[in-house]
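*Asks:* Pasting a structure below so you can have a look.
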Amino acid sequence: MQVARIHIENFRGVKEATLDFANHAVLLGDNNTGKTTVLEALDLVLGPDRLNRTPPIDEHDFYLGRYAPKTEKSPPEDQGEGNTEELAAKNAEAVSPHDDADADAPVEEAVPKIRVDVTIIDLSEEQRNRFGDYIEFWDNKEKKLYQEEGPEGIDEDTITPALRVTFIGKYDPEEDDFEGKTFYTLTLAEEETPQVFSKKDKQVCGFLYLRSIRTGSRALSLERGSLLDIILRLKEVRPQMWEDAIGKLSSFSVAEDPNLGISGVLQSINGALKKYVPKEWGIEPHLKVSNLTREHLRKVITAFIATGDGTHAAPFYRQGTGTINMLVLAMLSKIAEDKQNVIFAMEEPETAIPPYAQKRIIHEVRTLASQTLFTSHSPYVLEEFSLDETIILSRDSAGALTQSQLLLPDSVKLKRYRQEFRTRFCEGLLARRILIAEGAAEASAFPVACRRLAELDPAKYASLESLGVCVVDAGGEGSIPDMAKLYKEIGKRTFALCDLQDAAAQAKIQTQVEHMYMHSEKGIENLILKNTPSAAMERFCDLLQWPADLLAKFPNPKNDVANALMAYFAKKKGDFGIAEYIAQCSEAEIPPWIREACAHLKGLCMPPPVPAQGGPGAGDIHGGGGDEAL
């Protein structure tokens, strides 16, 4: 069983999205892009325990928090002069052209609804038998429902049986509460009362959503929906222990020993109570262990685990986070072994887990499950997925969530991508803004310059980290266009940083980036040494432990400071030599071009508030394809 497609409307930060999944997939994107929202949406549709929550959704689950329709009324006739055309335009937009009602009548919007449609394929024989009346067919090649009239086409290898289910959530003004149910999609259009996709139906589907915090904290409890509860259900074990446990707890009274003092206080309360009310109202207050209900016991019964070499046991949730996560993995393997056809959706499996264990988790879960859907920020997790299993998500300001697939340019071979994934590609895939630097020296020096300037004048400058800008070393000026194109095509904002280029190379770079920062020197070393004062260079010389070969050539580096530092920078190229130099400079000592570039990049990533019509600042620089100054 697999989820082939999910369509989301008005859920959390997503106004609309349609995503297609492979057999296994990892969802990538910067924080707050919508990765968790996608998994939560799947849980609304397929999670057997989500709808036990009352209500299953709330105000914050609706896009922009809008859960009730807005009603617009035509304004009174006396609105003053000067607004006639604007008011007429608003009224024209509010009233449908097909509406025969009076133009002055209230116009009510449709009730906002959360809707999530899921298409499930690769159904087992048990699932096909259970859902037989609602089975449709899915074209894997065309990524759409197969709706041809003739039945012959369903024998094609690309056509597979499919089940569509839909969650609909809305606000009920009469009950002043929220409601949400899952239905067979096929019945929504055909029946006045659509067929509900029940909890038992969802259990047959076998969807498990594993949140690192919530799942681990209650994995070995008997709460409904916990991993232990799921395992017991799969094995059809129904522990008939509640009456016995409640009976034993009922007979055990806490703190009856008079020496403790508690029983005496309770007796005095009982005596005072008898003075005012008859015994039928309540007598004999005493302490018990729990509330003595099944639901309360489900929450308080907890597994204990011995730690270290001794026999002392502690609650499992008090173990280390890494231990809890590995415990969750062990329980997942049991669920998969028992069910054989299960979808795992898992958030950040790398939490508190060393790299080797991260890889093991991914490998084991992929082996056990019919489909796995992960979110992650770990290169050790991401490199376990192929290019077609890597889904890059991006969300625009209007709430439209889209997916992209990573397509390597000709200059980046698959072997290079894999070899350099951790050092060159991973961070860029996880960021929203990418600065493609020409080489290692630029990639190390420019972030340090931005950080140093931000420390000296935070109102004017900002560090690349605070701007959400990731620096990627292109490995040479010739690779800048292809590297920028790679990230641009998956929805990233791209910038370039390089030294002087000829016209042809400059044009190639500009077509792939939002803005190109190109200085007028050949080599960043020349830019630094020609545009910083001697005092800064001499001070840096005093801070260095000069390599022996350079001391032999420059016995007193300060006597020929520019050439000595050029030799040092050449020796330390790509080894933070220039970055160390900039880190000890004052704002005035940092080259003007670098200061201007840092300030300009901040303006692009953190633009100032737009002033009122035509006010000061309306003509601020925008990040076009590169200008002469930068």
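The values are calculated or read from the model by the stated rules, or taken from the named source; none is laboratory data. All of these numbers come straight from a predicted model, not from anything done at the bench. Because the Cβ atoms are built from the backbone with ideal geometry, glycine has one as well, and the counts that use them run over all protein chains shown.
*Asks:* List the number of the failed condition for GLU384; all other conditions in (1) surrounded by fewer than 16 Cβ atoms within 10 Å (Cβ to Cβ); (2) part of a loop (DSSP other than H, G, I, E, B) hold.
*Replies:* Condition not satisfied by GLU384: (1).
*Asks:* Checking the conditions here, which among ALA445, ALA459, ALA440 is surrounded by fewer than 19 Cβ atoms within 10 Å (Cβ to Cβ), more than 15 Å from ALA22 (Cα to Cα) and in contact (Cβ under 8 Å) with a residue 40 or more places away in the chain?
*Replies:* On the way: ALA445 fails: surrounded by fewer than 19 Cβ atoms within 10 Å (Cβ to Cβ); ALA459 fails: in contact (Cβ under 8 Å) with a residue 40 or more places away in the chain.
Every option except ALA440 fails the conditions.
*Asks:* Can you confirm whether the range 512-529 contains a residue that is loosely packed, with under 12 Cβ neighbours inside 10 Å and at pLDDT below 95? Don't jump to the end; show me each part of the working.
*Replies:* Step one: of the range 512-529, the residues loosely packed, with under 12 Cβ neighbours inside 10 Å are 520, 522.
Applying the additional criterion that residues be at pLDDT below 95 yields 520, 522.
Yes, the range 512-529 contains at least one residue that is loosely packed, with under 12 Cβ neighbours inside 10 Å and at pLDDT below 95.
*Asks:* Restricting attention to the range 350-369, which residues are surrounded by fewer than 19 Cβ atoms within 10 Å (Cβ to Cβ), in a loop (DSSP other than H, G, I, E, B) and not hydrophobic (A, V, I, L, M, F, W, C)? Working first, answer last.
*Replies:* Kept after step one, since they are surrounded by fewer than 19 Cβ atoms within 10 Å (Cβ to Cβ), are these residues of the range 350-369: 351-352, 354-357, 359-360, 363-364, 366-367.
From what is left, the residues that are in a loop (DSSP other than H, G, I, E, B) are 351-352, 354.
Residues satisfying the conditions are THR351, PRO354.
*Asks:* If we scan the range 567-576, do we find a residue that is crowded, with 21+ Cβ neighbours inside 10 Å and farther than 19 Å from GLU455 by Cα?
*Replies:* Initial filter on the range 567-576 (crowded, with 21+ Cβ neighbours inside 10 Å): 568-569.
From what is left, the residues that are farther than 19 Å from GLU455 by Cα are 568-569.
Yes, there is a match, as at least one residue in the range 567-576 is crowded, with 21+ Cβ neighbours inside 10 Å and farther than 19 Å from GLU455 by Cα.
*Asks:* Restricted to the range 1-36, and to residues that are of a type in the set (Gly, Ala, Ser) and either assigned to a loop (DSSP other than H, G, I, E, B) or under 22 Å from TYR171 (Cβ atoms) (or both), which residue is modelled with the highest pLDDT? Let's see the steps before the verdict.
*Replies:* Keep residues of the range 1-36 that are of a type in the set (Gly, Ala, Ser), which gives 4, 13, 17, 22, 25, 29, 34.
If we keep only those that are either assigned to a loop (DSSP other than H, G, I, E, B) or under 22 Å from TYR171 (Cβ atoms) (or both) too, we end up with 13, 17, 22, 29, 34.
On the way: GLY13: 93, ALA17: 97, ALA22: 86, GLY29: 87, GLY34: 92.
So the residue we want is ALA17.
*Asks:* What number of residues within the range 453-472 are within 20 Å of ARG432 (Cβ to Cβ) and in a helix (DSSP H, G or I)?
*Replies:* Result for the range 453-472: 5.
*Asks:* Restricting the search to the range 27-41, which residues are buried (at least 23 other Cβ atoms within 10 Å of the Cβ) and at negative phi? Can you show your working first?
*Replies:* At the first step, the residues of the range 27-41 found to be buried (at least 23 other Cβ atoms within 10 Å of the Cβ) are 27-29, 34-35, 38, 41.
Hits for the range 27-41 are LEU27, LEU28, LYS35, VAL38, ALA41.
*Asks:* Could you go through the range 550-560 and let me know if any residue there is within 28 Å of GLU596 (Cβ to Cβ) and either among the β-branched types (Val, Ile, Thr) or not in a loop (DSSP other than H, G, I, E, B) (or both).
*Replies:* First pass over the range 550-560, keeping only residues within 28 Å of GLU596 (Cβ to Cβ): none.
For the range 550-560, residues within 28 Å of GLU596 (Cβ to Cβ) and either among the β-branched types (Val, Ile, Thr) or not in a loop (DSSP other than H, G, I, E, B) (or both): absent.
*Asks:* Report, by residue number, each residue of the range 400-418 that is in contact with an Asp or Glu (Cβ under 7 Å, 6 or more places away or on another chain) and in a loop (DSSP other than H, G, I, E, B).
*Replies:* Matches in the range 400-418: LEU407, PRO409, SER411, VAL412.
*Asks:* Regarding PHE554, is this residue among the aromatic types (Phe, Trp, Tyr) and touching a residue at least 40 places away in the same chain (Cβ under 8 Å)? Spell out the reasoning first.
*Replies:* Numbers: among the aromatic types (Phe, Trp, Tyr): yes; touching a residue at least 40 places away in the same chain (Cβ under 8 Å): no.
Spelling it out, it is not the case that PHE554 is among the aromatic types (Phe, Trp, Tyr) and touching a residue at least 40 places away in the same chain (Cβ under 8 Å).
*Asks:* Failed condition for ARG395, given (1) in contact (Cβ under 8 Å) with a residue 60 or more places away in the chain; (2) of a type outside the set (A, V, I, L, M, F, W, C); (3) surrounded by 19 or more Cβ atoms within 10 Å (Cβ to Cβ); (4) over 25 Å from LEU46 (Cα atoms), with all others met?
*Replies:* Result: ARG395 passes all but (4).
*Asks:* Taking into account only those residues within the range 506-532 that are out of contact with any Cys (no Cβ under 9 Å at 6 or more places or on another chain), of a type outside the set (A, V, I, L, M, F, W, C) and part of a loop (DSSP other than H, G, I, E, B), which is farthest from ASP396 (Cα to Cα)?
*Replies:* ASN531
*Asks:* Would it be correct to say that GLU587 is in contact (Cβ under 8 Å) with a residue 40 or more places away in the chain, surrounded by 13 or more Cβ atoms within 10 Å (Cβ to Cβ) and closer than 20 Å to ALA445 by Cβ?
*Replies:* Working: in contact (Cβ under 8 Å) with a residue 40 or more places away in the chain: yes; surrounded by 13 or more Cβ atoms within 10 Å (Cβ to Cβ): yes; closer than 20 Å to ALA445 by Cβ: yes.
Judged against the criteria, GLU587 is a match.
*Asks:* Within the range 473-505, work out how many residues are under 21 Å from GLU525 (Cβ atoms) and either not hydrophobic (A, V, I, L, M, F, W, C) or not in a loop (DSSP other than H, G, I, E, B) (or both). Spell out the reasoning first.
*Replies:* As a first pass, look at the range 473-505 and keep what is under 21 Å from GLU525 (Cβ atoms): 473-480, 496-502, 505.
Now drop any that are not either not hydrophobic (A, V, I, L, M, F, W, C) or not in a loop (DSSP other than H, G, I, E, B) (or both), which leaves 473, 475-480, 496-499, 501-502, 505.
Of the residues in the range 473-505, 14 are under 21 Å from GLU525 (Cβ atoms) and either not hydrophobic (A, V, I, L, M, F, W, C) or not in a loop (DSSP other than H, G, I, E, B) (or both).
*Asks:* Shifting gears a bit: Does any residue of the range 462-469 turn out to be surrounded by 15 or more Cβ atoms within 10 Å (Cβ to Cβ), among the charged types (D, E, K, R) and over 30 Å from THR367 (Cα atoms)?
*Replies:* no
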